[in-house]
Amino acid sequence: MASPPETKRDPEPDARSDARRATTIDARIDALSKALLVALAIIAVLTFDDFGLTWDEGYHIRYGDHLLDYYTSGFEDRTALTYRLDYLYGGGFDLLGAIFRAVARPMDNYTALHLFGSLIGVLGIAGAWRLGRAIGGARVGLYALVMLALTHVYYGHMFNNPKDLPFAVGYVWGLYFVCEAIRAFPRLGWRLVAWLALALGMAMSVRIAGLLLICYLVGVIGLWALRQGIARRSFEALYRHASGLYLRAGAAIVGAWAVMLIFWPWAQQKPLTRPFVALTRMSKFLTHRRKMPFDGEWIDTLDTPPDYLLHYFGYKMPELILALFVAGMLGGLVWILARGWRLENTKRALIYGTLGLAVLLPPAYAVYKESVLYDGLRHFLFLIPPMVVIAALTLGASERWLRRRLPRAGGAIVGVVLALFVADHLRIAVVYHPHHYVWFNRILGGLAEADGVYSTDYYGETFREALEELERELRRREPERFADTTYRVSGCLGRRHVIDYLSPNFIHVGRNSRADFWVGYARDKCSRRHANRPAIVRIEREGGFLNVVRDLRRPPRRGREALEEFAELAGATGEGPEAEAEAATSTSAGLAAIEGETTSAGLVPIESGPTLEGESTGASAPAEEE
C-alpha cells in the first residue's frame, strides 16, 4: 500500500514558539538578575559598618560640607572654590553625600558615607548588568552582574572610596547610554538625549575624565555617518545622518555640561575653560611624590614604568574574568576586521569598538603622558566594569558556540564553570571581609606573594580591625586592670581611628610621644618600626601581612627572634637603611585628613611621612590623590 503523501510543515509556528520560549527564559533571567541586585543591596546595608576609615574620606566629607554651604548660604560661602586641591574635582558624589549624611543623622559622617557609597557601588553593578544585557542579552547581563559583584577590588572600594568608585559607576552608566544611542541610530529620541545628559554629566561631576564619554559619543556618530555616506556613495547622505545626530548629541552634551556645573562651583565661575584647566592639571598630577613597592623594587611615583597598570590588572582581576577579557578583546578585533565593514554590522562594530576603546584608551593615554601612578589600579577602577562586560560577552559567545556543537552538554559546561567561579570567590569574599580590595589572584600567588612586592593596604582600611583586636586582646589579658588603665596608642593612624574604634580609656598620641602601642600597616614601611618589640596583634589574610600592633611596654627583643621578624616584615624588597630613609611619604597628610587638621586657608598642613623610628619634617605630597 502506498504511503500517504508527506505534508510540508509550516515553520512559522515553530519559530513563534521558539521566540516565546526565548522571551520567557529571558524574563526569568532578568527576574533573577533583579533579585540578585536586591540581595546585593541588602548585603551592603547589613555589612557597610564593617569597613574602616580610608585616607581620602575626611577630605571628601569636608569638601561636601563646603559645597552644601555654598548653596545654603546663597553662594556667599566660597570655601569650596579654594579647598585644598579638591576644587579641581566636581562634587557630584560629595554634595549628594553631604545631603545623604544630613538626612541620615544621627548616624556619624563616616558611617553614613560608607552606607551611601555602598549603595552607589551596587548602582554600578546594575550599570554593568544593563550594559551587558543591552549588547548580549539577558544571560550576558546576568554574567556581568555576577562577575563584577565578585571582583574584589571593585567590591572592596564600594564602601569607603569616595572618588574612584563613584567615577567608575558614572563611567559604566555613561557607556551604557552611549551604546543605547548607537543602537538607536539613525535617530536619537529626546528621552535618550536626557538620559545621556544625566549620565555623562554625573560622570564628569566626579572626575573631569568623564569627558572621554563625550568623545566616544561624538566619534561614533562621525563613524556612523561616514559609513552611511560611503555605502550610498553620497555626501548628502553623510551630511544628513551627521547633522541630525549631532544636533541631538549637542543637546545631550550641553545638558551634561549643565549637570556637571551644578556640582562644581569652581568651574561655574568660568564654565567653558576651567574644566579643561582641571583636565590638564590632573593629567600630570605631580604633587604626590613618594616611594612605593612595585615588582619587588622600591620606585618613585613620578617614575613608574609603562607596564605598571598591566601588572596590577593582571594580578588583581579574577583569573576567569581576565582570561575571558583577553579572549574577548582579541575575538572582537578579529570580528571587526572580518565582518565589521559590512553595512548590516555597523552598529555592532561601533559598540564593540567603543567598549574596547573605553578600556584601552585611558591607560594608553596615561602611559603616553607619563602620568603619576600609585595605589595599585585605584585610579583606574573605572575600567573594571567594561572589562567585566567584555568578559561576560565572551562567556555568552562561548556558551552559544558550545550549545551548537554539544546541544545537551554545552550549557551545562558553562554552568559548571560559572558555579565553580562563584563558589571560589564567595569563599574569598568571606575570608577577606572586610578587606576585599587587598586580594591578589593566583597568577601572582595571592596576597602572601604580594606582601612587600606590590602595594596592598595602601588606603589604611585595616586599622579598624587591628585596633578592635587590640582592645579584645587587652580585655582578655588584663581583665582586672583594663577599665582603670589609660592606654596610649601611636602609629601611622589618625586620632579619628582611636576615637571611633576604641573605648574612651585609649588615647591617641603623636609618633614622637611616649606610647604603649604602635600600630603599623605595610605602606611606607610603617610596620617595620619598632620591629624589636613584641606583636600583640597581627592582621593577615591567607598568609599575607596587612597590619601589626606592637606592645611598646615590653622590653625590646634581641637576637635571632627579632632579626627573623624584621626580615619577614621587610618582605621581598630587600632595601637597606638608605632606602628606608627614602620611604618618608604622605602618611602625615592622610592623618590630617582623618583628624580634621586644616589651616585657616582650608589647606592641610603638608609634612613628610614617618621614618623608620619616628616623625620627620619637611615638604611632601598631600594624601589627596587624583
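The values are calculated or read from the model by the stated rules, or taken from the named source; none is laboratory data. Remember, it's a predicted structure, so these values are computed and weren't measured experimentally. Cβ: placed from backbone, ideal geometry, glycine included. Neighbour counts: every protein chain shown. Keep in mind that these areas ignore ligands, DNA and RNA; they rest on the heavy atoms of the full protein, side chains included. Shrake-Rupley method; radii C 1.70, N 1.55, O 1.52, S 1.80 Å.
For region 526-544, the count of residues that are within 29 Å of the chain's Cα centre (by Cα), open to solvent by less than 40 Å² (accessible area, probe 1.4 Å) and either assigned by TED's automatic domain parsing to the domain that holds Asp49 or of a type in the set (Phe, Trp, Tyr) (or both) is zero. Are any residues in region 247-268 touching a helix residue (DSSP H, G or I) at 6+ places or on another chain (Cβ under 6 Å), closer than 17 Å to Leu200 by Cα and among the aromatic types (Phe, Trp, Tyr), and if so, which ones? If the condition is that a residue be touching a helix residue (DSSP H, G or I) at 6+ places or on another chain (Cβ under 6 Å), closer than 17 Å to Leu200 by Cα and among the aromatic types (Phe, Trp, Tyr), then Phe263 is the only one that fits.
Do we have any residue at all in region 72-83 that's closer than 22 Å to Leu200 by Cβ and open to solvent by 20 Å² or more (accessible area, probe 1.4 Å)?
So far as region 72-83 goes, no, none of its residues is closer than 22 Å to Leu200 by Cβ and open to solvent by 20 Å² or more (accessible area, probe 1.4 Å).
Of the helices (runs of 4 or more DSSP H) contained entirely in region 249-330, those carrying at least 3 residues that are within 19 Å of Glu370 (Cα to Cα) fall at 274-283, 308-316. When the test is whether a residue is over 20 Å from Gly52 (Cα atoms) and outside any loop (DSSP other than H, G, I, E, B), Asp424 passes it. Determine which single condition Phe51 fails, assuming it passes every other condition in (1) in contact with a Gly (Cβ under 9 Å, 6 or more places away or on another chain); (2) open to solvent by 40 Å² or more (accessible area, probe 1.4 Å). For Phe51, the exception is condition (2). Within the bounds of region 102-111, is there any residue that is in contact with a Phe, Trp or Tyr (Cβ under 6 Å, 6 or more places away or on another chain) and at pLDDT 95 or above? No.
Among residues of region 368-413 being among the aliphatic types (A, V, I, L, M) and in a loop (DSSP other than H, G, I, E, B), the one that is nearest to the chain's Cα centre (by Cα) is Leu377.
The single condition among (1) in contact (Cβ under 8 Å) with a residue 24 or more places away in the chain; (2) open to solvent by 10 Å² or more (accessible area, probe 1.4 Å) that Leu355 does not meet is (2).
Going through region 137-168 one residue at a time, which ones are on the phi < 0 side of the Ramachandran plot and either free of Cβ contacts under 8 Å to residues at least 60 places away in the same chain or not in a helix (DSSP H, G or I) (or both)? Residues satisfying the conditions are Leu150, Thr151, Met158, Phe159, Asn160, Asn161, Pro162, Lys163. All but one of (1) touching a residue at least 60 places away in the same chain (Cβ under 8 Å); (2) surrounded by fewer than 21 Cβ atoms within 10 Å (Cβ to Cβ) hold for Arg28, so report the exception by its number. Arg28 satisfies every listed condition except (1).
When region 410-465 is filtered for residues that are β-branched (Val, Ile, Thr) and touching a residue at least 60 places away in the same chain (Cβ under 8 Å), the ones remaining, listed by number, are Val417, Val422, Ile428, Val431, Val438, Ile443, Val453, Thr456, Thr462. Every condition in (1) in a helix (DSSP H, G or I); (2) touching a helix residue (DSSP H, G or I) at 6+ places or on another chain (Cβ under 8 Å); (3) touching a residue at least 40 places away in the same chain (Cβ under 8 Å) is met by Ala102 except one, and the failing one is (3). The set of residues in region 486-510 that are assigned to a loop (DSSP other than H, G, I, E, B) and either touching a Phe, Trp or Tyr at 6+ places or on another chain (Cβ under 7 Å) or open to solvent by less than 20 Å² (accessible area, probe 1.4 Å) (or both) comprises Cys492, Leu493, Gly494, Leu502, Asn505.
Quick grid of which residues meet (1) outside the structural domain of Phe382 (by TED's automatic domain parsing); (2) surrounded by fewer than 24 Cβ atoms within 10 Å (Cβ to Cβ); (3) over 24 Å from Asp375 (Cα atoms):
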| residue | (1), (2), (3) |
| --- | --- |
| Pro162 | no, no, no |
| Pro166 | no, no, no |
| Val169 | no, no, no |
| Leu175 | no, no, yes |
| Val178 | no, no, yes |
| Ala181 | no, no, yes |
| Phe185 | no, yes, yes |
| Leu192 | no, yes, yes |
| Leu196 | no, no, yes |
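One residue stands out among those in region 274-307 that are β-branched (Val, Ile, Thr) and under 21 Å from the mean Cα position of the chain (by Cα): the one that is surrounded by the fewest Cβ atoms within 10 Å (Cβ to Cβ), which is Thr304.
Annotation: Phe517 fulfils all but one of (1) closer than 27 Å to Val430 by Cα; (2) more than 27 Å from the chain's Cα centre (by Cα); (3) open to solvent by less than 60 Å² (accessible area, probe 1.4 Å); the unmet one is (1).
Looking at the structure I just gave you, is Ala278 touching a residue at least 12 places away in the same chain (Cβ under 8 Å) and closer than 30 Å to Leu88 by Cα?
When the stated conditions are applied, Ala278 passes them.
Of the residues Ala104, Ala134, Ala112, the single one that is within 19 Å of Ala199 (Cβ to Cβ) and assigned by TED's automatic domain parsing to the domain that holds Pro166 is Ala134.
Is it the case that region 116-124 has a residue that's surrounded by fewer than 19 Cβ atoms within 10 Å (Cβ to Cβ) and at pLDDT 95 or above? Yes: region 116-124 contains one or more residues that are surrounded by fewer than 19 Cβ atoms within 10 Å (Cβ to Cβ) and at pLDDT 95 or above. All conditions in (1) of a type in the set (A, V, I, L, M, F, W, C); (2) open to solvent by less than 30 Å² (accessible area, probe 1.4 Å); (3) within 20 Å of the chain's Cα centre (by Cα); (4) within 22 Å of Ala144 (Cα to Cα) hold for Phe421, with the sole exception of (3). Of all residues being modelled with pLDDT of 95 or more and out of contact with any helix residue (DSSP H, G or I) (no Cβ under 7 Å at 6 or more places or on another chain) in region 516-532, which is farthest from Arg488 (Cα to Cα)? Just the residue, please. Here the answer is Trp518. In this structure, does Val367 turn out to be in the same structural domain as Ile351 (by TED's automatic domain parsing), open to solvent by 40 Å² or more (accessible area, probe 1.4 Å), over 27 Å from Trp335 (Cβ atoms) and not small (Gly, Ala, Ser)? Judged against the criteria, Val367 is not a match.
Scanning region 404-418 for residues that are within 22 Å of Leu330 (Cα to Cα) and crowded, with 16+ Cβ neighbours inside 10 Å turns up Val414, Leu418. Taking the criterion of being farther than 16 Å from Leu53 by Cβ and touching a Gly at 6+ places or on another chain (Cβ under 6 Å), the residues of region 437-487 that qualify are Phe440, Leu447, Ala448, Asp451, Gly452, Val453, Ser455.
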